[in-house]
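In what follows, a single structure is set out as structure tokens and then discussed.
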2 protein chains.
Amino acid sequence: MAFKTDFNDKQIQILQVAEILFAEKGFDGTSIRNIAKEAKINIAMVSYYFGSKERLLESLIFYRTKDLKIQIENLLVENLDPIAKINKLIEIYINKINCNKGIFRILHFEVATKKKELNIKSFYELRKSNLKSLEAIINEGQDKGVFRKDISIPLITPTILGTFFHFHMNKEYFMNLLQLNTEDLYNNYINVNLTKHIQQTIKALLIYES
Amino acid sequence: MAFKTDFNDKQIQILQVAEILFAEKGFDGTSIRNIAKEAKINIAMVSYYFGSKERLLESLIFYRTKDLKIQIENLLVENLDPIAKINKLIEIYINKINCNKGIFRILHFEVATKKKELNIKSFYELRKSNLKSLEAIINEGQDKGVFRKDISIPLITPTILGTFFHFHMNKEYFMNLLQLNTEDLYNNYINVNLTKHIQQTIKALLIYES
DNA sequence: AATTAAATTAAACAAGTGTTTAATTTAAAC
DNA sequence: GTTTAAATTAAACACTTGTTTAATTTAATT
């Protein structure tokens, strides 16, 4: 079976259940029987539609990341000053990932351990493309004399995404620490405080002269 | 069997092998037979010494994190200006984690999925203690008028650790992107460039006035 | 309506899982 | 040297794993 790029309703149903379970219990921690039971299908259907459990994961990654690239590229041509563009980029990132916590958690987890075998080429391309967009924005700011010039651009992304992920990976700890007792309070903290913190951090890094 | 806080040579041998394998293939991806084979012991020895696979992980976390607290606390009483203290704190963090990649990777991975059942109380205490130390350093800088006062201190740690982890979790991607073709080049990049980037970022965040 | 293809199923497969048992070897205590 | 405890072993246990098979049902095509 070749790697499919479009999926029918049944396949999407399986992908959605798999996303939830993989995110919750990890790839190895989730069995095909778990998925089948939750999706109310026969256990043979996963192999039938995707070939194997591994290929199911590959399909899932493709399914969820295919439209992220465009969103970033659209930002590039918008008529905003460099700082506003960076702020909006961060907003887009956080919001996109926060609304798709499942797949990004899986990527964060599994790509690190399964990378040798997985078909993550398209994912690599996505990242390089996003990096190029970020580079374009920062160069624009440097040309206008707003940003400093001795910035390691490839390390900006780790600071943006890393801060978010570290926060989210330790959800329970921070909910406890910051007294975010409901899911709403937690999400609100991400969208307001955490986003602001990251924007503030990157802004300071880009502008500050020692 | 009660939770043991000191380990004999054989137990340490098992813990070391488990650390490598858990870090490499994840907790669920590693079987007791894998560990037994690698450590050249009988498969029953893990249950004999630790009670279960789960308890082995708990023991491992305890074994590797028990001495981190002191290191941070010692920094507190050193006679350095606030910026230097923060820089050294970051250096300690990165170096400590970088030299113990295994266990921190495991923590990063497994605490997020296994948190309900795991005995990570001591780990929680460690984090809260470290946060207090950071708070003390920043307050000192604020009192001296060097740091700004509208800083979200609990979000500093996610930025420091998150940046590092995101970089390290995507090791292959960054080795490729930055042309770090050997293990030495990679480690050197962490100790020089990445550490500097994080120090620069936090410094800018703490000092910058908009 | 008959034929062909796709979808779905229960059952079986072989291999791997964590853990326990009971027997044996090694070491320690007396 | 004998007794007692600890360490180690191979084997078995019951159960779960991903995948495949062959039979059956459903849908589409002619």
For the stretch B:67-116: rounded, prolate or oblate by the Cα gyration tensor [a/c cutoff 1.5]: prolate
Spherically averaged projected area in nm², based on the convex hull that wraps the Cα atoms of the stretch A:62-206: 9.3 nm²
Modelled FRET efficiency - R0 25 Å, A:Ile43 with B:Ile43, Cβ distances, 0.05 increments: 0.30
By average C-beta atoms within 10 angstrom, highest first, the peptides A:156-162, A:101-107, A:41-47: A:156-162, A:101-107, A:41-47
Cα-Cα separations in the stretch B:42-84 greater than 13 Å, expressed as whole percent: 66 percent
10 Å Cβ shell holding at most 12 others, DSSP loop, GluC sites (Glu not before Pro): longest site-free stretch of chain B: B:118-208
Cα centroid of the stretch A:5-83 to Cα centroid of the stretch A:153-210, whole Å: 25 Å
For the stretch A:125-137, 3J(HN,Hα) per residue [Karplus equation, 6.51 cos²θ - 1.76 cosθ + 1.60, θ = phi - 60°, Hz, x = Gly/Pro]: 4, 4, 5, 5, 5, 5, 4, 4, 4, 4, 4, 4, 5
Qualifying trypsin sites (Lys or Arg not before Pro) in the stretch A:1-81, DSSP loop, other Cβ atoms within 10 Å at most 13: A:Lys40, A:Lys66
Per residue, the convex hull volume that the Cα atoms of the protein assembly as shown enclose (Å³): 168 Å³
Across the identical copies, how the A:Tyr124 labels are spaced - nm, sorted shortest first, 7 Å along Cα→Cβ: 4.2
Simple label model, 7 Å out from Cα along Cβ direction - B:Gln142 to A:Glu73, nm: 4.5 nm
Qualifying trypsin sites (Lys or Arg not before Pro) in the stretch B:132-210, DSSP loop, other Cβ atoms within 10 Å at most 10: B:Lys144, B:Lys149
Distance violations [Cα-Cα > 20 Å] among A:Lys85/A:Lys144; A:Lys69/A:Lys128; B:Lys66/B:Lys128; A:Lys101/B:Lys128; A:Lys66/A:Lys96; A:Lys171/B:Lys25: A:Lys101/B:Lys128; A:Lys171/B:Lys25
Hull shadow area, averaged, the stretch A:130-210 [alpha-carbon convex hull, nm²]: 6.3 nm²
Length gained when the stretch A:Asp81-A:Gln179 is fully extended (0.36 nm per residue, less Cα-Cα span): 31.6 nm
Distances in nm from B:Thr182 to the matching label points in the other copies, shortest first (labels 7 Å along Cα to Cβ): 5.8
Shielding of B:20-32 by partner chains, average beta-carbon count, 10 Å: 2
Rg/Rg_ref, the stretch B:1-56, where Rg_ref = 2.2 N^0.38 Å and atoms are Cα: 1.02
Kirkwood Rh, Cα atoms: Rg over Rh of the stretch A:17-140: 1.07
Inter-copy separations for A:Lys69, label at 7 Å along Cα-Cβ, nm, ascending: 5.0
Sequence-separation-based contact order of chain A, relative, with Cα cut under 8 Å and 6+ spacing, percent: 22 percent
Shielding by partners - mean other protein chain Cβ count within 10 Å, residues of B:148-156: 4
Calculated from backbone phi, Karplus (6.51, -1.76, 1.60) coupling profile of the stretch A:11-19 in Hz, x at Gly/Pro: 5, 5, 4, 5, 4, 5, 5, 4, 4
Helix-derived mean residue ellipticity, 222 nm - over chain A, DSSP H n ≥ 4, -39500 (n - 2.57), to 500: -22500 deg cm²/dmol
Additional length obtainable on full extension of the chain from B:Gln13 to B:Lys96, 0.36 nm per residue less Cα span: 27.8 nm
Residue-wise HN-Hα coupling along the stretch A:86-103, computed from phi with Karplus coefficients 6.51, -1.76, 1.60 (Hz; x: Gly, Pro): 4, 4, 5, 4, 4, 4, 4, 3, 4, 4, 4, 5, 5, 7, 10, 3, x, 5
B:Glu135 versus A:Ser31: modelled label distance in nm, points set 7 Å from Cα along the beta carbon direction: 4.5 nm
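Readers should treat all values here as calculations from the given coordinates under stated rules, not as data from a laboratory. In this text the structure is predicted, and so the values were computed from the model without any measurement. Glycine also receives a Cβ, built like all others from the backbone with ideal geometry; neighbour counts cover every protein chain displayed.
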